[in-house]
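Encoded as structure tokens, the structure appears first; notes follow it.
Derivation of every value follows stated rules applied to the coordinates shown; laboratory data play no part. Keep in mind that what you see is a predicted model, and the values were worked out from it rather than measured. Here the Cβ is made from the backbone with ideal geometry for all residues, glycine too, and neighbour counts use every protein chain on show.
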Amino acid sequence: MFIQGANVLQTNKHLVDELNVFPVPDGDTGTNMSLTMNSAAKEAKNVSTNTIDSIVEAIANGSLMGARGNSGVILSQIFRGFAKACKGKEVLSIADLAYAFKSASDTAYKAVMKPIEGTILTIIRKIGEKSIELSKKEIYIDDFLYSLIEYGEQVLNKTPEMLKTLKEAGVVDAGGKGLIFIFNGFYEAITGKEVSIEEPVMLEFEKEATKASEDITFGYCTEFIIKGSNIDIEEFKGKIGTYGDCMLVVGDESLVKVHIHTNHPGVILEKGLALGQLTSIKIDNMRQQHQNKVFENDSEVQHEEIKDLGMIAVTMGEGLTNIFKDLNVDEIITGGQTMNPSTEDIKKAIDRINAKHILIFPNNSNIILAANQAKELSDKNITVIPTKTVPQGIAAILAYNQEVSLEENIENMIDALKNVKTGQVTYSVRDTQFNDISIKKGDILGIVDGKITVVGSNVEEEAYKLLKDMITEDDEILTIFYGDDRTQEQAQALAERIEEIYEDIDVEVYYGGQPLYYYIFSLE
């Protein structure tokens, strides 16, 4: 059931992504839910004892560690509640399943500080209630699940009436739609649809490791020393050069050091043997080394001397990463829009820091829940500063004062969030209606603190309009972070236009290198 649930969601994740209320290129609810579900299914596949108890525990743990984004964290809590109700069960009756779905709903609601109706929470709650009602009747398991899906879809279609933003965008709730796809998978498995489990589901860092290793043309780093006489180095280089790259052959006619990356180390050694004796032979599989390095880097613990404070920040883009490094952030997790790190990613970053207290800056509203979940899984002293944007993260870190207590610093950091406005310039991925604004696919969007205020067709003009909308007489500092497809000249020209109008504002320009967002503005 769970493997097929993961398969169906995986197949339809882009449909769920497209239901994002904001028409920006970071609608990732389906992707986040799918990665979370895949992590759960992967753990389930690895279970050695095929019992209800062991399977649901694996699903709960896999989804917990693999949870990405708010939708993924809520989904992991749904599975946690489901697993709690199944503990100790050898078989699941319909009554047991109904109780498990109800427990899933209860657990998910408790995990969210301010539950909002019209979301995935509503769908699982209604399914839980309906399942209890159905379990009191005589009903077959396939009819039971079919009825729950049918009812769940009816509730899903009503979500635009529950949430104004959904109605304005003309979509149903994305998380709820994702959950229905999972239930469709449950139904397919129960009714005998063949479940494919051969292909292992790979998480992002595994894909990156595999892709990088596949990009290595010559896989074996081959080194050795030749001891002989009258060795012609240039002739030897000519003989082995066609078998690889990164070749280095140095020495004299009696002693030659050889280094080459090749797919045929045996051939290289044979050609060396023809010239003399071989010593110090070393052959490394670079593809394997690269994958091991990726995984080891994710798990290694730094054993340096314990310090008072450690910091973790989430960001994306070379420039922004370097800015956070300059602010003495210990661990920078690559992520943000479109690529929310998992609970496990954040937990591993926590494990790598040896500090009395750790501060986490999620820098995205869709990462805060995962950060808090990672905090709960750790026995270290951790505070999640609820930063929703990169400018908020930078402002919070800059508010840190070594001379005052940690408690006072945390208070100051949270206060600093109120004093910074964030502007973003990106593009629309679909036609939609938002707050009475008509938006077409490809339009340039200007967003202030999560609200679309500018729509147009030219990046620089819309950026200029957005800044004019944002700036007030109380503002003193404007920081412009330009993205990976903008130039410093374009950003500088924009800064000069603003300086001409607002003489009292200090304007700073930095390379952010962020994808998808042409500009990010910080106004204080």
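Hey, what's the per residue convex hull volume over the C-alpha atoms of the chain, in cubic angstrom?
On the way: hull volume 107.8 nm³, N = 524.
Residue-normalised Cα hull volume stands at 206 Å³.
Inter-label distance, Lys440 to Thr472: 3.4 nm, where each label sits 7 Å from its Cα along the C-beta direction. Rounded to the nearest Hz, the phi-derived 3J(HN,Hα) couplings of region 253-264 under the Karplus curve 6.51 cos²θ - 1.76 cosθ + 1.60 (θ = phi - 60°) are 6, 10, 9, 10, 9, 10, 9, 7, 9, 8, 9, 10, where x marks glycine and proline. Stokes-Einstein diffusion for region 2-201, with the hydrodynamic radius set to the Kirkwood value over Cα pairs and evaluated at 20 °C in a medium of 1.002 mPa s, equals 129 µm²/s.
Cβ crowding within 10 Å, taken as a proxy for footprinting-reagent exposure, orders Ser365, Ser428, Ser48 from fewest neighbours to most as Ser48, Ser365, Ser428.
Using Cα-Cα distances under 8 Å and only pairs 6 or more residues apart, what relative contact order does region 301-419 have, in percent? Walk me through the numbers before you get to the answer.
Details: 202 pairs, mean separation 28.3, N = 119.
For region 301-419, the relative contact order is 24 percent.
Give, rounded to the nearest 20 debye, the magnitude of the charge dipole that the chain has about its Cα centre when Lys and Arg contribute +1 at Cβ and Asp and Glu contribute -1 at Cβ.
On the way: 50 positive and 82 negative charges, 438 e Å.
For this selection, approximately 2100 debye.
Once R0 is set to 22 Å, what does the formula 1/(1 + (r/R0)^6) return for the Cβ-Cβ distance between Asn328 and Asn412, expressed as a FRET efficiency to the nearest 0.05? Step by step, r from the Cβ atoms, then E = 0.85.
In the chain, helical runs assigned H by DSSP with n ≥ 4 each contribute -39500 (n - 2.57); averaged across all residues and rounded to the nearest 500, the mean residue ellipticity at 222 nm is -15500 deg cm²/dmol. For Asp431, the amide hydrogen comes within under 5 Å of the amide hydrogens of Lys441, counting only partners 5 or more places away or on other chains and with H modelled in the peptide plane. Cross-link partners of Lys137 among lysines, defined as those whose alpha carbon lies under 23 angstrom from its own and excluding same-chain residues fewer than eight positions apart: Lys89, Lys102, Lys126. In loop segments of region 87-145 as defined by DSSP, the chymotrypsin sites (Phe, Trp or Tyr not before Pro) with at most 16 further C-beta atoms inside 10 Å of their C-beta are Tyr140. In this simple spin-label model, placing a label point 7 Å from the Cα along the Cα-to-Cβ direction at both Lys45 and Asn419 gives a separation of 5.1 nm. Distances between placed amide hydrogens fall under 5 Å for Val454 paired with Gly446, all partners being 5 or more residues away or on another chain.
The smallest convex shape that holds all Cα atoms of region 301-419, its convex hull, gives 99 Å³ per residue. For the chain, the relative contact order works out to 12 percent when only alpha carbon pairs closer than 8 Å and six or more residues apart are counted.
By counting other Cβ atoms within 10 Å of each Cβ, how are Lys441, Lys237, Lys13 ranked from fewest to most?
Working: Lys441 11, Lys237 15, Lys13 22.
In increasing order of surrounding Cβ atoms, one gets Lys441, Lys237, Lys13.
Mind putting a number on the dipole of region 416-512 about its Cα centre? Charges go on the C-beta only, +1 for Lys and Arg and -1 for Asp and Glu, and I need it in Debye to the nearest 20. Walk me through the numbers on the way to the answer.
Working: 10 positive and 22 negative charges, 143 e Å.
Result for region 416-512 is approximately 680 debye, rounded to the nearest 20.
May I ask you to derive the FRET efficiency for Thr487 and Glu508 from their Cβ-Cβ distance with R0 = 22 Å, giving the value to the nearest 0.05? Kindly include the intermediate steps, with their values, before the conclusion.
Numbers: r = 17 Å, r/R0 = 0.76.
Calculated value: 0.85.
Taking 12 Å as the cut-off, the amide N atoms of region 226-243 that come nearer than this to a point 7 Å along the Cα-to-beta-carbon line of Ser280 belong to 226-227.
Here the 3J(HN,Hα) profile of region 89-95, calculated from phi with Karplus coefficients 6.51, -1.76 and 1.60 at θ = phi - 60°, is 7, 8, 9, 10, 7, 4, 4 Hz, Gly and Pro shown as x.
Note on Thr191/Ile116: beta-carbon distance plugged into 1/(1 + (r/R0)^6) with R0 of 30 Å gives a FRET efficiency of 0.35.
Between region 389-432 and region 440-514, the C-alpha centres lie 18 angstrom from each other.
Each label point was placed 7 Å from the Cα along the Cα-to-Cβ direction; for Asp142 and Val404 their separation is 6.6 nm.
Once C-alpha pairs closer than 8 Å and six or more residues apart are averaged by separation and normalised to the residue number of region 2-201, the relative contact order reads 26 percent.
If each residue's Cβ is checked for other Cβ atoms within 10 Å, how do Val16, Val448 rank with the fewest at the top?
Working: Val16 27, Val448 18.
Going from sparsest to densest Cβ surroundings: Val448, Val16.
Coordinate range of the alpha-carbon atoms in region 419-485 per principal axis, descending: 36, 29, 17 Å.
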